[in-house]
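Please treat every number below as a calculation from the coordinates, not as lab data. Since the structure is predicted, the reported quantities are computational estimates derived from the model, not experimental observations. Here the Cβ positions follow ideal geometry from the backbone for every residue, glycine too, while neighbour counts run over all protein chains shown.
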Amino acid sequence: MSKQSVKKGDLLIAEPFLGDRNFERSVVLLCEHNEEGSFGFVLNQKANVMLKDVLEEDFSLEIPLYVGGPVQQNTLHFIHRTPHLFEGGAEVAQGIYWGGDYEQLKTYLNLGQLQESDIRFFIGYSGWGEGQLEHELGQNSWVVTNSDAEFIFDSDPKQFWRGVLRRMGGKYKVMSHYPTDPRLN
């Protein structure tokens with residue numbers, strides 16, 4: 001078994017035949033990784049609701065929600081690439097920030113100074129306890145690569161899993177063509 005190293009800001013790409021419906025063909029942005037555990041957000045699983053459907057506040061934009069993972073799906077989180085607009089966000093990787101001042105966020109959304117392509121909202125998150133992610137990496141359940149803010153925020157979520165693998169090239173580009181169900185091949 002190969003052992004991949006992983007750090008905050010990396011992307012975890014689900015192996016084609018992972019077998020976990022929560023992470024089928026998913027790409028997770030790892031927002032924290034340390035001895036105690038890891039957490040992040042699935043970037044490419046849109047929820048069946050919009051932001052306005054889960055909040056009392058009205059927003060002028062129709063902003064989709066994503067399922068960040070199977071943990072605490074009653075929580076709302078966001079990542080963005082606009083640290084100059086509001087305070088308190090934690091830099092996850094170059095050009096990618098997690099969280100920030102929610103009141104400022106609402107103001108900029110309603111003023112139209114923050115575009116849908118600059119932010120992504122999640123219900124729930126993906127989490128791993130102490131040593132759990134390392135075990136999964138040892139089982140080759142995930143492919144690890146660096147994140148890229150432009151690619152994350154500007155890519156079509158429906159093609160995201162394939163797109164990340166294609167960008168990696170080589171055997172990963174080949175992997176991007178694997179059918180969802182090999183029995184149908």
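Tabulated values for the structure
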quantity: Gained length - Glu35 relative to Asp53, 0.36 nm times residue gap less alpha-carbon distance; calculated: 2.8 nm
quantity: Built amide H within the under 5 Å cut-off of Ala47, gap 5+; calculated: Leu65, Tyr66, Val67
quantity: ³J(HN,Hα) computed for each position of the range 170-178 - Karplus, 6.51 cos²θ - 1.76 cosθ + 1.60, integer Hz, glycine/proline x; calculated: x, 5, 6, 5, 5, 4, 5, 9, 4
quantity: Computed over the range 82-181: relative contact order in percent, which uses C-alpha pairs under 8 Å that are six or more apart; calculated: 18 percent
quantity: Sorted by Cβ neighbour density within 10 Å, fewest at the top, the residues Leu133, Leu76; calculated: Leu76, Leu133
quantity: Alpha-carbon Debye profile of the range 1-135, log10 I(q)/I(0) at 0.16, 0.19, 0.22 Å⁻¹; calculated: -0.83, -1.13, -1.42
quantity: Relative contact order [Cα under 8 Å, 6+ residues apart], the chain, whole percent; calculated: 28 percent
quantity: Extension gain (nm, one decimal) between His135 and Lys46, 0.36 nm per residue minus Cα-Cα; calculated: 29.3 nm
quantity: Residue order, fewest to most surrounding Cβ atoms within 10 angstrom, among Phe39, Phe122; calculated: Phe39, Phe122
